[in-house]
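Student: Please read through the structure below; I'll follow up with questions.
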Amino acid sequence: MADGITLTRAPVPDTPAGVEAAATSSSSIEVRWTASDGASGYHVERRPAGDGAWEFAGEVPADQTAFTSTGLSPDTAYEHRVYAVVDTDPGRPQRGSQASAPVAASTDPAGDGEDDEALALSTLSGRPDTVTGGDALVQLAVNADAVQLGDVEIRVNGRDVTGDLAADEEAHTLTGVVTGLNVGDNVLTAASADGRRSTLTLVNHAAEGPVFSGPHQQPFACETTRFTVPVVGGNLGEPIDEDCSIEPRVDYFYRTTSDDYAPWPDGASSYPDDLATTVTSHGAEVPFIVRMETGTTNRAIYQSSILHDPIGEPDPDFTTRPEGWNGAAIFTLGGGCVNGWYRQGNRTERVTDAFMLGEGYAVMSSSLNVFGVNCSDLTAAESAMMVKERFVENYGPVDHVIGYGSSGGSYQGHQISDNYPGIFDGIVVGNSFPDVAFGTVPFITDAWLLDTYFTEKASVDWTEEQQRAVTGFQTYATAPAVANGARRIDPRAFCGIVPAAMRYNPDTNPDGVRCGVYDHAVNVYGTDPETGFARRPLDNVGIQYGLAALNDGTITVDQFLDLNEHVGGFDDDASIVDERTEADAEAARIAYQTGRLTNAGGGLAEIPIIDYRPYRDDNPNGDIHVRYHTFSIRERLMKANGTTVNHVSLLEDSRYGGFSTSSPLLRHAITQMDHWLRNIATDTSNTAPIDKIAANRPAELVEGCNTRDAEPSFIAQPLDRDPDSACEQLYPSASFPREVAGESVAADIIKCQLKEPDPDDYTAQFTDTQWQRLNQIFTDGVCDYTKPGVEQQPLTGTWLRF
């Protein structure tokens, strides 16, 4: 990851100068600088000294030129850098200067007095700067050689909470949930009788959010009355406030000997006759009884499920693990995208999965982690963080959390992991895409344009095979099949959740509510000052559709010219027009810097990934879940990190449906990810995270594909588009319109740089008239895919706020 990002759009303030850093304690460093002309504030980032990822440390207004970075480890070197920023449109990132050169300083060694290493405070439920809901699970680890547990006092904002923490004499810790936190900064203090002292700042946010996603979207439809509680039935009733909240509830159900679920009998004091048992992954045989909590956080409905015996075990808390819990958790991420805005959602994802629960995994999800409800990786990341926090406060720390999702769930797995590392420790994704706005949207909007051209605009004849070759798909049917979903860019489509009188109409209600993927991301992209609409990073200027098909002789020069002259683009309302679509350059810059286009060099660089794909490219009716997307994310990993050793691909046909744990291969992916993460956790070497991932991959986890036989066998081989490989012949990976036009499979060019057409780029022979026509079609030039995209650049950092 690059150390500095040049923000290219003027005006910007001067880069902060005179930056200095010095330790103020064993857990804090003060950073100072001179004021920058034109700044309305300053952002500070930090990282352990070296080459790790930068993280947001905090911000101060323009009248302050000092910042204290807290929560650091004793006797550790850190680097800090400062940006000067100016406020722009509400609800979008500030515009900033280039980062100052990093300055290094080391925290003081722990000793007598402030932040003594003998008193190590930490938050177990999440990061100390992203606490929500007024409470946090905290722990004090005591050096038994220096301090006795009974001689320590814990205070929050001066209030003694020592009695609320549980002592573990063997581990020398005090652990508990501290409550009653104020919104904003709260000081957690540990002090011993002999004068030792440590502090930790807890930054608390409201339970309804936001934390880092920016201002709440409005309008927002509560859906508690439309949410059916799994197994138990009934809905959640009317919300108790304008943020769609409900009181948390706990329900129990059990697995029967007939392999069904049934509600747990009210007031039961003995086990039902048809109660099944299960043997978990850690060898415990327990009654298959599930405790399911349902509540709200971040305006989402969340659910968590875990094996728990209400007759034979005490109520679970952070000190008492249910016997049936194997210590790991799976966060299930739902798919979709269309209709995913302005709503709370009426479902979570697979929180009753019998395989996962039967193996002993806890399962958690939220309605805003279903992309068909919320097509925003940013709000999804925030919701996942808050649901995980709630779970840890209730049940204690998890060994690891596996992000698990298909299609729209894979967007979340990739982007949450890359942009907000630490929420998931590894991911299992299926029917994967790298991201929604750049892995998916250009591919399906190109298909929409091409299908419209072939069916309505073409002035020359085309065979179906020629049409297919232009798209690159395995079957042309994919183009019309995905065209409807491409209308997710249309502010008038998929808007049924918004009251009709409030909806945007360019003629009758031009100031109305606009739906679609771009307006849903306005907190990130901001608004175009001329239109007031969300900035749009969509572009097809200079793209030579069908170029590879021309060069291999599948289509003629006249077909190529007619296609590119008439294919067109989209206006601001996604109506197809004659002109090509031009991206907002500011939106393109923001997309690269903030990870809306998955960079793969953030958190994804340091976690294991298993990509499971039930092959659908040859669906005779067409399908959006085409195989090349797996290679897109793999290519991005390679570009960002120089390796893909942390990425394993598994492939089979779709006999088990889209993403079902009835598939033995998918079950294998889940259990092997569990083993992989446990192996990594026990590796105490000082090697880099990526080396630990490589060294600890289970021997049983091998890349390859299942055959298509009635009784399939597994072929172990790299899945790399090698046309001679058995897996590629069974499951051809095909292509997509922009790869046919010359782009890399990484699909990471938002807007291409242009060049004059070059005769050497074409194997076909153009007449003088045809060459003149080509230059008239591409007046400003054609895409030069040998160069980076316009504004293409690395991530600014992780854990960004909007």
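The values are calculated or read from the model by the stated rules, or taken from the named source; none is laboratory data. This is a predicted model, so every value here is computed, not measured. Backbone-built Cβ (ideal geometry, glycine too); neighbour counts: all protein chains shown. Protein only, heavy atoms only, side chains kept; ligands, DNA and RNA dropped before computing areas. Shrake-Rupley method; radii C 1.70, N 1.55, O 1.52, S 1.80 Å.
Student: Using the Cα centre of segment 479-580 as the reference point, and only Cβ charges (+1 on K/R, -1 on D/E), how large is the resulting charge dipole? Debye, rounded to the nearest 20. Mind showing how you got there, number by number?
Tutor: Details: 8 positive and 16 negative charges, 118 e Å.
Computed charge dipole of segment 479-580: roughly 560 debye.
Student: Taking N as the number of residues in the chain, what value does Rg over Cα atoms divided by 2.2 N^0.38 Å take?
Tutor: Details: Rg = 27.5 Å, N = 802, 2.2 N^0.38 = 27.9 Å.
The reported ratio for this selection is 0.99.
Student: Right, here's the next one. Once you place label points 7 Å from the Cα toward the Cβ at Arg801 and Val279, how far apart are they in nm?
Tutor: The answer from the label model is 5.1 nm.
Student: Can you work out the Karplus-derived ³J(HN,Hα) for every residue in segment 681-697? Use 6.51 cos²θ - 1.76 cosθ + 1.60 with θ = phi - 60°, whole Hz, and x for glycine or proline.
Tutor: My calculation for segment 681-697 gives 5, 8, 7, 9, 5, 9, 6, 5, x, 5, 6, 5, 4, 5, 6, 10, 5 Hz in order.
Student: What does the helix-only formula give at 222 nm for the chain: each DSSP H stretch with n ≥ 4 adding -39500 (n - 2.57), the total divided by the residues, and the result rounded to the nearest 500 deg cm²/dmol?
Tutor: That comes out to -5500 deg cm²/dmol.
Student: Over the chain, what is the relative contact order in percent, taking alpha-carbon pairs closer than 8 angstrom and at least six residues apart?
Tutor: Details: 1908 pairs, mean separation 84.8, N = 802.
Relative contact order of the chain: 11 percent.
Student: Follow-up question, since we're still on this one. Using a Förster radius of 51 Å, what is the FRET efficiency between Lys787 and Ala726 based on their Cβ-Cβ separation? Nearest 0.05, please. Walk me through the numbers before you get to the answer.
Tutor: Details: r = 37 Å, r/R0 = 0.72.
FRET efficiency, Lys787 to Ala726: 0.90.
Student: Considering only DSSP beta bridges with both partners in the chain, what is the antiparallel share in %, to the nearest 5?
Tutor: Values: 93 of 127 bridges.
Counting DSSP beta bridges with both partners in the chain, the antiparallel share is about 75 percent.
Student: Largest first, how would Leu202, Leu121 line up by accessible area (1.4 Å probe)? Kindly include the intermediate steps, with their values, before the conclusion.
Tutor: Details: Leu202 0, Leu121 30 Å².
Sorted by accessible area, descending: Leu121, Leu202.
Student: Moving to a separate point now. Taking a cut-off of 27 Å between Cα atoms, list the lysines near Lys639, but don't count ones fewer than 8 places away on the same chain.
Tutor: By straight Cα distance, Lys639 reaches Lys692, Lys751, Lys755, Lys787.
Student: Can you give the FRET efficiency for Gln776 and Asn505, using 1/(1 + (r/R0)^6), R0 = 41 Å, r = Cβ-Cβ distance, to the nearest 0.05?
Tutor: The calculated FRET efficiency here is 0.70.
Student: Now a separate question. Rounded to the nearest Å, what's the spacing between the alpha carbon centres of segment 198-272 and segment 361-406? Just the number, please.
Tutor: That distance is 13 Å.
Student: Now, a different point. Would you please give the residues with an amide H less than 5 Å from that of Trp341, counting only those at least 5 places away or on a separate chain, with H modeled from the backbone geometry?
Tutor: The list, which skips near neighbours in sequence, is Cys375.
Student: Starting from the residue with the highest accessible area, list Lys755, Lys692 in decreasing order, probe 1.4 Å.
Tutor: Details: Lys755 60, Lys692 40 Å².
The ranking, largest first, comes out as Lys755, Lys692.
Student: Residue farthest toward the positive end of the dipole of the chain, with Cβ of Lys/Arg at +1 and Asp/Glu at -1: which of Ala710, Gly327, Val470?
Tutor: The residue sitting most towards the positive pole is Val470.
Student: Here's a follow-up. Where the centroid of each part is defined by its Cα atoms, how far is segment 695-729 from segment 740-802 in Å?
Tutor: Taking the Cα centre of segment 740-802 as reference, the centre of segment 695-729 is 35 Å away.
Student: To the nearest 20 Debye, how big is the dipole of the chain about its Cα centre, given +1 on the beta carbon of each Lys and Arg and -1 on that of each Asp and Glu?
Tutor: Working: 54 positive and 118 negative charges, 150 e Å.
Taking the Cα centre of the chain as origin, the dipole is about 720 debye.
Student: A follow-up question, please. What's the Cα-based Rg to Rh of segment 152-291, Rh via Kirkwood?
Tutor: Values: Rg = 22.3 Å, Rh = 20.2 Å.
My calculation puts Rg/Rh at 1.11.
Student: At most 12 other C-beta atoms within 10 Å and a DSSP loop state: those are the exposed GluC sites (Glu not before Pro) I care about. Give me the longest piece of the chain that has none. Intermediate values should be presented prior to the final figure.
Tutor: Working: sites that count: Glu169, Glu170, Glu242, Glu530, Glu579, Glu700.
Here the longest segment lacking exposed loop sites spans 243-529.
Student: With a probe of 1.4 Å, find how much accessible area segment 663-771 has per residue, and write the answer as a whole number in Å². Don't jump to the answer; show the numbers that get you there.
Tutor: Numbers: 5390 Å² over 109 residues.
Value returned for segment 663-771: 49 Å² of accessible area per residue.
Student: Just the C-alpha atoms of segment 259-337: what Rg/Rh do they give, with Rh taken as the Kirkwood radius?
Tutor: Numbers: Rg = 14.5 Å, Rh = 14.6 Å.
Rg/Rh: 0.99.
Student: Say R0 is 56 Å: what FRET efficiency, to the nearest 0.05, do Asp758 and Ala262 get from their beta-carbon distance?
Tutor: The pair Asp758/Ala262 has a calculated efficiency of 0.20.
Student: For Val513, which sequence-distant residues (separation of 5 or more, or a different chain) have an amide H within less than 5 Å of its own amide H, given hydrogens modelled in the peptide plane?
Tutor: For Val513, whose amide H was placed from the backbone, the distant partners under 5 Å are Arg503, Tyr504.
Student: Along segment 754-770, what does the Karplus equation 6.51 cos²θ - 1.76 cosθ + 1.60 (θ = phi - 60°) give for ³J(HN,Hα), rounded to whole Hz, x for Gly and Pro?
Tutor: Computed from phi, the couplings for segment 754-770 are 10, 8, 5, x, 10, x, 5, 7, 10, 7, 6, 8, 9, 6, 4, 5, 5 Hz.
Student: How much length is gained on full extension from Phe766 to Asn686, taking 0.36 nm per residue of separation minus their Cα-Cα distance? Spell out each step's value before the answer.
Tutor: On the way: separation 80, 0.36 × 80 = 28.80 nm, distance 6.06 nm.
That works out to 22.7 nm of additional length.
Student: Give the ranking of Thr554, Thr687, Thr661 by solvent-accessible surface, highest area first, calculated with a 1.4 Å probe. Please list the in-between numbers first.
Tutor: On the way: Thr554 45, Thr687 70, Thr661 15 Å².
Ranked from most to least accessible, the order is Thr687, Thr554, Thr661.
Student: For segment 360-373, what does the Karplus curve 6.51 cos²θ - 1.76 cosθ + 1.60, with θ = phi - 60°, yield as ³J(HN,Hα) per residue in whole Hz, taken in order and with x for Gly and Pro?
Tutor: Each residue's phi maps through the Karplus curve to give x, 6, 6, 10, 9, 6, 8, 5, 7, 9, 10, 5, x, 9 Hz.
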